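Notes for the one structure printed next.
The values are calculated or read from the model by the stated rules, or taken from the named source; none is laboratory data. All values reported here derive from a predicted model rather than from experimental measurement. Glycine gets a Cβ as well: all are built from the backbone with ideal geometry, and neighbour counts include every protein chain shown. Protein only, heavy atoms only, side chains kept; ligands, DNA and RNA dropped before computing areas. Shrake-Rupley method; radii C 1.70, N 1.55, O 1.52, S 1.80 Å.
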Amino acid sequence: MTGFSLRYVGGPTALIETGGVRLLTDPTFDGPGEYPVVGRALAKTEGPAVSAYHLGPVDAVLLSHDQHPDNLDAAGRVLLSTTPLTLSTRAARERLGDPVRALDPWQSASVGPLRVTALPARHGPEGTEHVTGPVLGFALDGEGLPRVYLSGDNASLEVVAQIAERLGPFDVAVLCAGAARTSLVAGNLTFSSADAARAARLLDARAVIPLHFEHWTHVTEGADALERAFAEAGLAERLRLPRPGETLTV
């Protein structure tokens, strides 16, 4: 099995390289400030550790959803226009047009030697989908390559259990954590630290890399909470906490 690397840009944004393919998750490259979204504004506290220019070209963007500025911002939209392929939801395709290719959950697309499979995700408690909108996660696999789960902004362990039963186990789990919360929804919009550890157990992932656990004020649990939760779950050795700009290899 060949390797996997992830360069952490900040928030939900990371450059993934596997099988000779370069993939970017949820591109956010704008600086700190307040970003309006329906009914509220989200506040970003820190800009990207690496600019889009310095990351270099990517083969595809994996966009979990386009409707929230902490997952796709103005600079990210510019990047989409220069990227050969973006895989995302049908709603994103309708709003953004080319080069977005829409995938439904469990539908796959090829990017070089990689198979990219869209996965279900629930961006908050059950019954809040009309507020949060559609979201996807992704699975990556290919001959001789590690099997990778990318959660996107998912808060549902029930969804993770379905994915694990159908596609697991996974070598690497990239989980949006941080227990994100806003006043519009009564509950977490992304995994809490404890739920991230539970998800890692369900997926039987040998390496877990969290994203989206810092740099926004609506994120309520950071690196310390993740370390505690994984230690309490007996999974401390699986947790790989990235620092901004750092590249992790698995």
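For the range 4-100, just say rounded, prolate or oblate: build the C-alpha gyration tensor, square-root its eigenvalues into a ≥ b ≥ c, call rounded for a/c under 1.5, and beyond that prolate if a/b exceeds b/c, oblate if not. Walk me through the intermediate numbers first.
Values: a/c = 2.01, a/b = 1.21, b/c = 1.66.
Here the range 4-100 falls in the oblate category.
Report the residue, chosen from D195, D30, D98, that carries the largest GNM mean-square fluctuation when the chain is represented by alpha-carbon nodes joined by springs under 10 Å.
Between D195, D30, D98, it is D98 that shows the largest mean-square fluctuation.
Under the Kirkwood approximation applied to all pairs of distinct alpha-carbon atoms, what is the hydrodynamic radius of the range 203-250 in Å?
11.7 Å
Under a 1.4 angstrom probe, counting protein chains only, how are E158, E126 ranked by accessible area, largest first? Can you show the working numbers first?
On the way: E158 100, E126 135 Å².
From most exposed to least exposed: E126, E158.
For R228 and E46, what does the FRET efficiency come to when R0 = 22 Å and r is the distance between their Cβ atoms, rounded to the nearest 0.05?
The calculated FRET efficiency here is 0.45.
Using a basic spin-label model with each label point 7 Å from the Cα along Cα→Cβ, how many nm lie between R115 and V38?
3.5 nm
Once every DSSP H run of n ≥ 4 in the chain is given -39500 (n - 2.57) and the sum is divided by its residues, what mean residue ellipticity at 222 nm do you get, rounded to the nearest 500 deg cm²/dmol?
-6000 deg cm²/dmol
Under 5 Å between amide H atoms, partner at least 5 residues away or on a different chain: which partners does D73 have, H built in plane at 1.01 Å?
The list, which skips near neighbours in sequence, is F29.
Between T82 and Q162, what is the label-to-label distance in nm when each label sits 7 Å out along the Cα-to-Cβ direction?
Each label point lies 7 Å from its Cα, and together they span 3.8 nm.
Name the residue from A223, A236, T83 whose Cα lies farthest towards the positive end of the charge dipole of the chain, charges +1 on Cβ of Lys and Arg and -1 on Cβ of Asp and Glu.
T83
Under a 10 Å cutoff between Cα atoms, tell me which one of R77, R166, R181 has the largest fluctuation in the Gaussian network model of the chain.
Looking only at R77, R166, R181, the largest GNM fluctuation is found for R166.
Report R243's accessible area, 1.4 Å probe, all protein chains in place, as a number in Å² to the nearest 10.
150 Å²
Based on alpha-carbon centroids, what's the gap between the range 134-171 and the range 71-92 in Å, whole number please?
Computed from Cα coordinates, the inter-centre distance equals 21 Å.
Explain nothing, just the number: dipole magnitude of the range 126-211 about its Cα centre with +1 on each Lys and Arg Cβ and -1 on each Asp and Glu Cβ, in debye rounded to the nearest 20.
220 debye
Take each complete run of DSSP H in the chain, measure how far its Cα atoms stretch along the helix's own axis, and keep only those covering 18 Å or more with mean Kyte-Doolittle hydropathy at least 1.6; list them.
none
Please work out which option in (i) 18.9; (ii) 17.6; (iii) 21.3 gives Kirkwood radius over Cα pairs in Å calculated from these coordinates, and answer with its label.
(ii)
Once phi is turned into θ = phi - 60°, what whole-Hz ³J(HN,Hα) does the Karplus curve with 6.51, -1.76 and 1.60 give for every residue of the range 31-47, x standing for Gly and Pro?
Karplus-based 3J(HN,Hα) across the range 31-47 equals x, x, x, 9, 10, x, 9, 3, x, 5, 10, 9, 9, 9, 9, 8, x Hz.
In the chain, with Lys and Arg counted as +1 and Asp and Glu as -1 at Cβ, which of these residues, C176, G97, S193, has the Cα nearest the positive end of the dipole, that is, farthest along it?
G97
Accessible area per residue for the range 105-240 in Å², computed with a 1.4 Å probe and the full protein assembly in place, what is it?
Per residue, the range 105-240 has an accessible area of 39 Å².
Using the scaling law 2.2 N^0.38 Å as the reference, what is the normalised Cα Rg of the range 58-117?
1.05
Just to be sure I understand: with springs between alpha-carbon atoms less than 10 Å apart, which residue in T13, T128, T117 has the highest mean-square fluctuation in the Gaussian network model of the chain?
Of T13, T128, T117, the Gaussian network model singles out T128 as fluctuating most.
At each listed q (0.21 Å⁻¹), what is the log10 of I(q)/I(0) that the Debye formula gives for the range 40-90 modelled as equal alpha-carbon point scatterers?
The Cα Debye sum returns log10 ratios of -0.86.
With no solvent and one equal point scatterer per Cα, compute the Debye intensity ratio I(q)/I(0) for the range 152-237 at 0.17 Å⁻¹ and report its log10, rounded to two decimals.
-0.63
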